[in-house]
Amino acid sequence: MKTESCQNHHQGVGASGRMQVAADDGSEIEIGPGDAYNIPPGHDAWVVGDEPFIGYEFKSAAEYAKPS
């Protein structure tokens, strides 16, 4: 993506696993099963634990890593 952080806006709901999200402003959230999420541009994320994170996205999934 050639940016220091993800610049996509993600909205969705966690289905399994856990994911930690850190925003460029220093705020952090952890998302788990059943959690709705709204992640604005300017963030990084990683899986917490050994179980893969699976989420269903309603916004931005089709645009993620799409070549410009």
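The values are calculated or read from the model by the stated rules, or taken from the named source; none is laboratory data. Because the structure is a prediction, the values reported are computed rather than measured. Glycine also receives a Cβ, built like all others from the backbone with ideal geometry; neighbour counts cover every protein chain displayed.
Quick look at the values:
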quantity: Any hit, the range 52-60, residues being at pLDDT 95 or above and either within 20 Å of residue 2 (Cβ to Cβ) or touching an Asp or Glu at 6+ places or on another chain (Cβ under 8 Å) (or both); calculated: no
quantity: Hits in the range 14-29 (condition: among the polar types (S, T, N, Q) and more than 11 Å from the chain's Cα centre (by Cα)); calculated: 16, 27
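Residues are listed down the side, and each one gets a yes or a no for (1) within 11 Å of residue 54 (Cβ to Cβ); (2) among the small types (Gly, Ala, Ser); (3) surrounded by 15 or more Cβ atoms within 10 Å (Cβ to Cβ):
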residue: 3; (1), (2), (3): no, no, no
residue: 10; (1), (2), (3): no, no, yes
residue: 28; (1), (2), (3): no, no, no
residue: 34; (1), (2), (3): no, yes, no
residue: 37; (1), (2), (3): no, no, yes
